[in-house]
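Take a look at the structure below.
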């Protein structure tokens, strides 16, 4: 589910962030699909909307082309700012359980929700 589109290959600055139990390699201008985020600081019943700003504070690594900083496990003070471009669900994953000669057939489907975010700034 980690698809990435890079718009600016000239910049050498990148970071590795952690969100949703996964790690993503990002740089400014990238568009990344991440797991759906639960609104922790928002009021009850309110969720994220397209255009909302998100700040990722779980930064594992930052490289600016000449210096590399590695966290243990996270880098203190490092942040990655992003904007939500799209909120949607992935294609359906179909799970079928079948046992021959025993009249057993189960079919289940699941669509995983995701956010597509555009990385604005590495700080």
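Results, tabulated for the structure shown:
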quantity	calculated
Residues residue 108 and residue 85, FRET efficiency given R0 of 25 Å [Cβ-Cβ distance, rounded to 0.05]	0.25
Separation of the residue 49 and residue 121 label points, Cα + 7 Å toward Cβ, nm	2.3 nm
P(r) tail fraction, the chain - alpha-carbon pairs more than 26 Å apart, %	34 percent
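All of the numbers you see were taken from the coordinates with simple rules; none came from a lab. Just so it is clear, the structure is predicted and the values come from calculations on it, not from any experiment. In this analysis, Cβ positions are derived from the backbone assuming ideal geometry, glycine residues included, and neighbour counts consider all displayed protein chains.
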